[in-house]
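This report refers to the structure that appears directly beneath it.
Computed from the coordinates by the stated procedures, all read-outs in this text should not be read as laboratory data. Since this is a predicted model, take the numbers as computed values, not measurements. Because the Cβ atoms are built from the backbone with ideal geometry, glycine has one as well, and the counts that use them run over all protein chains shown.
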Amino acid sequence: MTMKLRNQNVLIFGGGSGIGKAIAIRFIEAGAKVMITGRTEEKLKSVAEEICSPNLFYKVFNITDIENHNTIFSECEHILGGLNAFVNAAALGSGSLGRGYEPWDITEAEWDKMTDTNFKAAFFLMRNEIEYMRSRGIRGNILNLASNAACMDIIGSYGASKEAIIKWTRALGKRYGHEGIIINGIAPGATFTPMISRYAKSIDQPYPRHAIERFIRPDEIAELAFYLMSDYGEIVCGHTVVADGGDNNATL
Ligand SMILES: NC(=O)c1ccc[n+]([C@@H]2O[C@H](COP(=O)([O-])OP(=O)(O)OC[C@H]3O[C@@H](n4cnc5c(N)ncnc54)[C@H](OP(=O)(O)O)[C@@H]3O)[C@@H](O)[C@H]2O)c1
């Protein structure tokens, strides 16, 4: 038996680059209809040109626009002819603040900026996706991108927000699996995407912090995403899979 996606109409938040983009490529290959979203039209347009598939669509959307989550769901449903799977990859990395992880490094404005996206919007997005599916009786899928930063002794808002995502994935996954809504997560280690371009200059650069001594490729995370959102993936329900190449700094 060949593994196939459990649901074929997929909305990816943060699909204009990195892991979200790699998941879009993998899911299009698997026959899905996919809409990618993000804040920057040029990035989305360039992914659409690169993938060049009649099954790929894009729309500019900022996940902090919480009151319009249902609007983007409806638009996506209309364009794809249905909506039954969500990938939540949109987030700000700690590098976006240009700071380290020390508590005295961060200002209140920076704290708000990161927590508005990675914590508040991430929670309401997941909550609204569940509500959207439950109100229509859809046996859908949600995949959340956490981070192995959740498993490290670091003190910023990034790691804390990703730990919250693991908690919500577990609590909501166990609650709504009974209704056929499968919620899982992936906690990647350092993956070669624009998010870590501060220190990852080449995919061939050695990365000794990982036991495998290299960065993870976005397509490797996309393959795991494919499994978790496949018809085989529902046996993992409410869990976050750590895919960090054996990161020495992580405690899980
Ligand atoms: N790369 C890693 O090493 C790593 C490790 C662990 C976890 N992760 C997680 O994996 C996920 C994907 O990250 P990535 O590495 O692929 O980084 P990335 O290339 O920077 O992708 C993140 C995407 O999110 C979008 N985004 C950011 N804020 C947004 C907002 N408010 N509304 C809508 N879209 C927004 C960005 O596009 P715009 O700027 O155009 O909006 C960007 O395309 C994130 O959740 C990240 O925390 C990454």
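Quickly estimate the mean residue ellipticity at 222 nm for the chain, helices only: each DSSP H run with n ≥ 4 gives -39500 (n - 2.57), and the total goes over all residues, rounded to 500. Each step should come with its number before you reach the end.
Working: 7 runs with 89 residues, N = 252.
One gets -11000 deg cm²/dmol as the mean residue ellipticity at 222 nm.
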Calculated Rg and Dmax of the chain using C-alpha coordinates, Å
17.1, 54
Residue 79 and residue 213 label points (each 7 Å along its Cα→Cβ direction) are spaced in nm at 4.4
Given points 7 Å out from each Cα along the Cα-Cβ axis, report the residue 236 to residue 203 separation in nanometres with one decimal.
2.1
Footprinting exposure proxy for 35, 126 (fewest neighbouring C-beta atoms within 10 Å first):
126, 35
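Just to verify a number: FRET efficiency for residue 41 and residue 167, C-beta to C-beta distance, R0 = 35 Å, to 0.05?
Working: r = 33 Å, r/R0 = 0.96.
In this case the efficiency is close to 0.55.
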Cα-projected label distance for residue 160 with residue 131, points at 7 Å along beta-carbon direction, nm:
2.5
Which one, 91, 172, 60, is farthest towards the positive end of the dipole of the stretch 9-243 when Lys and Arg carry +1 and Asp and Glu -1 on their Cβ?
172
Using the alpha-carbon centroid of each, what span in Å lies between the stretch 1-20 and the stretch 223-241?
12
Please give the length that would be gained between residue 108 and residue 139 if that part of the chain were fully extended, namely 0.36 nm times their separation in residues minus their C-alpha to C-alpha distance (nm, one decimal).
7.1 nm
Most exposed first, judged by fewest Cβ atoms within 10 angstrom, 63, 203 run 203, 63
